[in-house]
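Trainee: Below you will find the structure I want to go over with you.
The values are calculated or read from the model by the stated rules, or taken from the named source; none is laboratory data. These figures come from a predicted structure and were not determined experimentally. Reconstructed Cβ throughout: ideal geometry from the backbone, glycine too, with neighbour counts over all protein chains shown. Ligands, DNA and RNA are excluded from the accessible area calculation, which covers all protein heavy atoms including side chains. Shrake-Rupley method; radii C 1.70, N 1.55, O 1.52, S 1.80 Å.
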Amino acid sequence: MKEIFIATISNATYCELMFRLLDVGRKTDKADRQTLNACAQHLRRLGALTNAAEMYRKMGEIQSVVELYVEAQDWDEAFALADKHPEYRQLVYVPYATSLAEQDMFLKAQK
């Protein structure tokens, strides 16, 4: 019973922190890059990658958004951004091919 209580508190603390960071980031002006970057980095460490991407987008940091999607292996989103921003294609295609090769999908990786 004690473990469940501790896990519940830990989850509540995690969620509260995540929502506070998200709230601060959403209320912060896009010119305040220092605050937005701090929120994005903390959200990233917490594993809230979609929320971290929101902060990076607000700053116009498309490369960081691409890197987050690659880190999360959200290939659909990563490829969609790479199509809109061809300068970041290498950030998506190489890790995607590597991921496929690691999953024994070598032929698909070659395409």
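Trainee: Run the paramagnetic zone check for Met105: 7 angstrom along Cα to Cβ, then residues of region 54-73 with backbone nitrogen under 14 Å.
Mentor: 73
Trainee: Would you list the P(r) distribution for region 27-85, with all Cα-Cα distances sorted into 10 Å bins from 0 and each bin expressed as a whole %?
Mentor: 26, 53, 21
Trainee: I've got another one for you. Just the number, please: carbon plus sulfur as a percent of the accessible area of region 52-110, 1.4 Å probe, no ligands or DNA/RNA counted.
Mentor: Solvent-exposed carbon and sulfur of region 52-110 make up 49 percent of the total.
Trainee: Can you work out the Karplus-derived ³J(HN,Hα) for every residue in region 55-68? Use 6.51 cos²θ - 1.76 cosθ + 1.60 with θ = phi - 60°, whole Hz, and x for glycine or proline.
Mentor: 5, 5, 4, 4, 7, x, 8, 5, 4, 5, 5, 4, 4, 5
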